[in-house]
1. Take residue A:327 and decide whether it is at negative phi, without any contact (Cβ under 8 Å) to a residue 12 or more places away in the chain, surrounded by 15 or more Cβ atoms within 10 Å (Cβ to Cβ) and not in a loop (DSSP other than H, G, I, E, B).
2. Only one residue in B:55, B:77, B:87 is within 12 Å of chain A (Cβ to nearest Cβ) and more than 20 Å from the chain's Cα centre (by Cα). Which one?
3. Mind counting the residues in the range A:515-532 that are buried (at least 22 other Cβ atoms within 10 Å of the Cβ) and out of contact with any strand residue (DSSP E or B) (no Cβ under 9 Å at 6 or more places or on another chain)?
4. Can you tell which of A:315, A:370 is surrounded by fewer than 21 Cβ atoms within 10 Å (Cβ to Cβ), over 19 Å from the mean Cα position of the chain (by Cα) and modelled with pLDDT of 90 or more?
5. Of all residues in the range B:370-387, which are in a loop (DSSP other than H, G, I, E, B) and in contact with a helix residue (DSSP H, G or I) (Cβ under 9 Å, 6 or more places away or on another chain)?
6. Taking the stated definitions as given, is residue A:444 within 14 Å of another protein chain (Cβ to nearest Cβ), buried (at least 24 other Cβ atoms within 10 Å of the Cβ) and out of contact with any helix residue (DSSP H, G or I) (no Cβ under 8 Å at 6 or more places or on another chain)?
7. Out of B:86, B:154, I need the residue that is within 30 Å of residue B:402 (Cβ to Cβ), out of contact with any strand residue (DSSP E or B) (no Cβ under 9 Å at 6 or more places or on another chain) and in contact (Cβ under 8 Å) with a residue 60 or more places away in the chain. Which one?
């Protein structure tokens, strides 16, 4: 007879096979029993201060490691992760949401159990809007297959999924799981052949082709193919803001971030004057497109993503992104001569410290450019932390994390928790505004308990600076915290308050040396100081308000 | 020709008429223009550190003032209030959610605008699950009527509603609003007559009737009728935990909190041995029913709520709660002789300080009972802050706020912000565990900026104590913060760390004298210390895990 294990153990077994090493969340009575199972499993439980922090941490974990998971109680826990899960959906990050719920036996006669909102399906119905697939494990006959299907959906679409376990089902025995099968969809061979041969003709016929690389390359693990394609053909590569660091920014073929009229002028000119734009893994969002200032002529574009392959004005069905890329690599694409193209590091590394000068956001980023180390992952929150960071030169791949499309504030500090647990060799450099820090910055509490060592730069411009640029009013002012004194509340970290370039330099050096706890640098900026990039983008956003 | 105003101004006009004096929330570009309108209106904007805090504040504001409102940007703001709004739905608190969204003109060709998740309806579809009515103001021909209908739904059902304004609709002119009409539904006269006469017969025929008063009396403003009914008939009144303070706990007819086997034994015996239980405004939740240990025989019950009037095993349709109560007051109900019944203050006021003794949670509540002042509103978070507080004697009406059914942690500190703004004569006494404080306690930031003066008691038992009682594991441990040192981060407040009864006494006196800022008292408890009430309830909860 086939071995049997409990539904809870089955789920844990599959999560481990999918490479979930940590589970973020907060226990509650509807999920306590599952937390107990996790304690006796290879998965390490990470209890955060709030559920939304757990969601952001799981999202960052997924971006670094390929999959992430969060475990919450019913409704009071679940709804608190709705925003991070929505962000993971929008930006294609495969986060597994595991939620407890009232037991099936408790539901008879529809009683008013605590945490219930409208009926027992309410939470599931909400998450159906925010995830790509979901299951309620209320039937032992199907629970195993449901778990397999839903986890497969997460990895195939790189989007969050929702798994709900009524608490009296956790221990119910079902047949033990078989071998993990990863389904891989196949292209229609004729369509693939036609698409590739047309693309090759178009690329080889172009005088100045350019690759525009975006975030899906990262999510689907296709970055090595991108690097090989660029190496083989010497076609210059631009990245989008959301896709920043999808290729090493020191790669000789890399030309910088393209974001329409919002970005550097030389990159815009180079991309928009190209006679063949090869868009790989692109997500055509408003911010990626420079608030729709991007002028890309469809008639010269090849667009390959997980959702479609399109050449000029026609689309190919049943052509898989990975197979299309592999076929391009095998195809007789011309190798281009070495030629001049925009250099993203131009003007960099020229930072000369002026010790007594008040620090500004532009100078802050110049200094950070020289400060970046090979083992760092830059995590940018929303606002100038993101816009200003677009000019940072990222050394390796996958080393820049930011919710650049969904743009939910409060991502960065919890994301540092997730990123450093996903890869302990990475050291997070967190860039976060004061408004965003007030939302989730106290998650340093968990970071401290686990002995992690992010360097957190609070760009303190005394309020919601992006909105100040768009339209100012008293609603953009916030309470001034003494951020650098947080180690007095959460014992163990280090804090610095800096107003000058010299003090910033000193604090950065101390932060680098401190590998045993978080370091927080409270960078005091002028209320109206902003980066050049932010100035450009805010002007565009203001036109829409 | 009729005067015209913009859709945004129309909404503000109606909100003011419905007695919305403050709007909690965080601005964002999709809602900035509406924030600007608010600045030039009688409504005061209160920007919180996080949206969920704004939701809790609006909920508490609604509980004190009759209506509350929260204003957020699209998705990243909206989903962050989903949990407080779900709680307001479960506990019948009329919170108006106002959200911005992308302009109608921007939506052509379904572009990927920032903050968007799946499609432009996603947020509305989520809130349809969590509110009683909703509207998207995308059509000037219907916008006014939609606003009127949705606000009417909120006040009639005492549940949250959702109003979404595409940002390019805010300034669109529509006819100015007419007189505000409050629809009031009427009972069917024959049904009302029959129900009342049967109820009167049953009450007058009973030897020991008792009233069980619950939260709907508060929400629907029917507390004066309850007091008159008790004064007129001398029928003893018990309250539920959710309805605690619905009648002054010093009222001579009040006998204490009934919560099945979870509460005081003498109250349980009194209610369960009654031959006529008059349940008024009851919400029969698991915690209200002492995790279903309540033994109430339907055959002796009269249940009157906003949703139905039921006597024994039959229900009356089309009978309004208020009209039923008014008719009872006019009916020839016997006046009962003064007689012995449980005294909720028995054993109270006997607190003798033992200055050197380590403080315990039971002694803490005994001390607080003597400390309560007439102008205080007690706001209890989840855990022993709630369970232990059930024996506090509340002086006036409506002075005990807690999410006792939905039981979402993190309610109390933001609720203090809402409650004190709703009624500046109230001084909040906040009872909050350390786990809940880590979720939203930093909202003291906003409290400080507005010069409010709550007294915050952090019951610091070093983790999730309720869960420890149910089932302990390392996931119930949290990072130890130096809570009392928060005034060093948020300048202006006062903080105390207390370990003994003497130190607690000293801190309470200093808190009382400090009317200019928040006072935080970090009460250091033993990890396994708990109130008698928590011990009882946790044992019951543990059986369900």
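The values are calculated or read from the model by the stated rules, or taken from the named source; none is laboratory data. All figures in this text were calculated on a predicted structure; none of them were measured in a lab. Because the Cβ atoms are built from the backbone with ideal geometry, glycine has one as well, and the counts that use them run over all protein chains shown.
1. No: the conditions fail for residue A:327.
2. Unique residue meeting the criteria: B:77.
3. The qualifying residues number 2.
4. A:315
5. Of everything in the range B:370-387, those that are in a loop (DSSP other than H, G, I, E, B) and in contact with a helix residue (DSSP H, G or I) (Cβ under 9 Å, 6 or more places away or on another chain) turn out to be B:373, B:381, B:382, B:383.
6. no
7. Result of the check over B:86, B:154: B:86.
Okay, residues lined up against (1) at pLDDT 85 or above; (2) not in a helix (DSSP H, G or I):
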{"site": "A:243", "(1), (2)": "yes, yes"}
{"site": "A:252", "(1), (2)": "yes, yes"}
{"site": "A:269", "(1), (2)": "yes, no"}
{"site": "A:278", "(1), (2)": "yes, yes"}
{"site": "A:289", "(1), (2)": "no, yes"}
{"site": "A:294", "(1), (2)": "no, yes"}
{"site": "A:302", "(1), (2)": "yes, yes"}
